[in-house]
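Mind having a look at this structure? Questions to follow.
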Number of protein chains: 2
Amino acid sequence: MATHRKIYFCGSIRAGRDDVDLYGRIVEMLKKYGTVLTPFVADPNVTHLGSNEGEAKTDPEIHDRDIRLLTECDAIVAEVTQPSLGVGYEIGRGVAMQKKILCLYRPQPNKRLSAMIRGAEKEGLFVTEDYEEENLPSILDNFFKKVDQRKRKDSLDWKSYEPM
Amino acid sequence: MATHRKIYFCGSIRAGRDDVDLYGRIVEMLKKYGTVLTPFVADPNVTHLGSNEGEAKTDPEIHDRDIRLLTECDAIVAEVTQPSLGVGYEIGRGVAMQKKILCLYRPQPNKRLSAMIRGAEKEGLFVTEDYEEENLPSILDNFFKKVDQRKRKDSLDWKSYEPM
């Protein structure tokens, strides 16, 4: 039912791979909702020093491939617990493209999520959720339900569009 | 001569304040080239847990104020050694706004700069420089020379624009 959706998953690569196993479990869960365009983010063979992410070899190739996938996607899901320039950059570009974005944050002692992520909240378009792993299924269900509602709303608006 | 320029300086806040003194020295150097719109990034009283950055109090206030300043600025200078979601986000939004961007990176053992930053290089628009502090004056001189060349080119293009 849901494989039509294209999902861009973001996680830290060069800023640290401590959460790579968790990324793998999130990517598995996301497959229920669509095709994950960025499975290499969850690949344990991609290290924080590696330059081979999937087919892309050089940094410009990685950048341009990822921006192409970001442009294609219907929704962005980002694990934002590990601070990462790349994840922040992708979210920033995604906001400018008006993508639907879900940021997933595991609250940490003596740390706070970036104000630029937490403060970007926008009803139905940009959501940040503090989570524990056991709550992910219901958080993802809720998010994709809203993505679909928004899609229907957009397509209704489009149908009711009358050329001048 | 140069105070007409508005410069948006980015550095890590909640991802860690190890470099705050360096940010202060960079902001001092930037004053030669224009007005720095974001002096709070270099304020040692703003900690990684603080929510008062300048006048903005809540995360949405911080986000919206920073996006307004980003929209206003003529150039973005980002210190990107400390991985930070906020810095990545600002760079991503800045790229989408076609801002001139300089990223400053201090190479570290056993670490690599994000491919999304290094790979975003674009002649005259997006530059990443590996640096040591003593080289900053010439790196900044070069960058702002190119910003001005680009500005002249843009304004020439604009003058030669002929309405259809």
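The values are calculated or read from the model by the stated rules, or taken from the named source; none is laboratory data. These numbers come from a predicted model, not from an experiment. Using ideal geometry, Cβ is built from the backbone for each residue, glycine included, and neighbour counts are taken over all protein chains shown. The protein model used for the area step is the full one, side chains on, heavy atoms only, and it has no ligands, DNA or RNA in it. Shrake-Rupley method; radii C 1.70, N 1.55, O 1.52, S 1.80 Å.
Quick one: B:Tyr33 ticks every box in (1) under 21 Å from B:Glu133 (Cα atoms); (2) within 12 Å of chain A (Cβ to nearest Cβ) bar one, so which box is it?
The number of the failed condition is (2).
Determine which member of the set B:Gln149, B:Gln108 is open to solvent by 60 Å² or more (accessible area, probe 1.4 Å) and either farther than 22 Å from A:Ser12 by Cβ or away from chain A (no Cβ under 14 Å) (or both).
Checking each option against the conditions leaves just B:Gln149.
For (1) farther than 19 Å from A:Val87 by Cα; (2) part of a helix (DSSP H, G or I); (3) out of contact with any Cys (no Cβ under 9 Å at 6 or more places or on another chain); (4) touching a residue at least 60 places away in the same chain (Cβ under 8 Å), each residue gets a yes or a no:
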{"residue": "B:Pro44", "(1), (2), (3), (4)": "yes, no, yes, no"}
{"residue": "B:Leu49", "(1), (2), (3), (4)": "yes, no, yes, no"}
{"residue": "B:His63", "(1), (2), (3), (4)": "no, yes, yes, no"}
{"residue": "B:Leu69", "(1), (2), (3), (4)": "yes, yes, yes, yes"}
{"residue": "B:Thr81", "(1), (2), (3), (4)": "no, no, yes, yes"}
{"residue": "B:Gly86", "(1), (2), (3), (4)": "no, yes, no, yes"}
{"residue": "B:Ile91", "(1), (2), (3), (4)": "no, yes, no, yes"}
{"residue": "B:Gly94", "(1), (2), (3), (4)": "no, yes, no, yes"}
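Also, I was wondering about something else. For the subset of region B:113-145 comprising residues that are open to solvent by 40 Å² or more (accessible area, probe 1.4 Å) and touching an Asp or Glu at 6+ places or on another chain (Cβ under 9 Å), which member is nearest to B:Arg5 (Cα to Cα)?
B:Asn142
Quick check on my filter: what residues within region A:37-72 are open to solvent by 20 Å² or more (accessible area, probe 1.4 Å) and more than 14 Å from every other protein chain (Cβ to nearest Cβ)?
The answer is A:Leu37, A:Pro39, A:Asp43, A:Pro44, A:Asn45, A:Glu72.
Another question, then. Over 24 Å from B:Arg112 (Cα atoms) and out of contact with any strand residue (DSSP E or B) (no Cβ under 9 Å at 6 or more places or on another chain): does that describe A:Ala96?
Taking the combined requirement at face value, the residue satisfies it.
Looking at (1) touching a residue at least 60 places away in the same chain (Cβ under 8 Å); (2) buried (at least 19 other Cβ atoms within 10 Å of the Cβ), find the lone condition where B:Val27 falls short.
All conditions are met except number (1).
State which residue pairs qualify: first residue away from chain A (no Cβ under 14 Å) and inside region B:119-140, second residue at pLDDT 95 or above and part of a loop (DSSP other than H, G, I, E, B) in any location, beta carbons under 6 Å apart, and separation of 6 or more residues or different chains.
Listed pairs, sorted by first residue: B:Ile139/B:Tyr131.
If the requirement is being more than 12 Å from chain A (Cβ to nearest Cβ), modelled with pLDDT of 95 or more and either closer than 24 Å to B:Glu121 by Cα or open to solvent by less than 60 Å² (accessible area, probe 1.4 Å) (or both), which of these qualifies: B:Ala2, B:Ala75?
Only one candidate passes the filter, namely B:Ala75.
Here are some residues: A:Val87, A:Val95. Which one is within 14 Å of the chain's Cα centre (by Cα), surrounded by fewer than 24 Cβ atoms within 10 Å (Cβ to Cβ) and at the interface with another protein chain (Cβ under 7 Å from one of its Cβ atoms)?
The conditions single out A:Val95.
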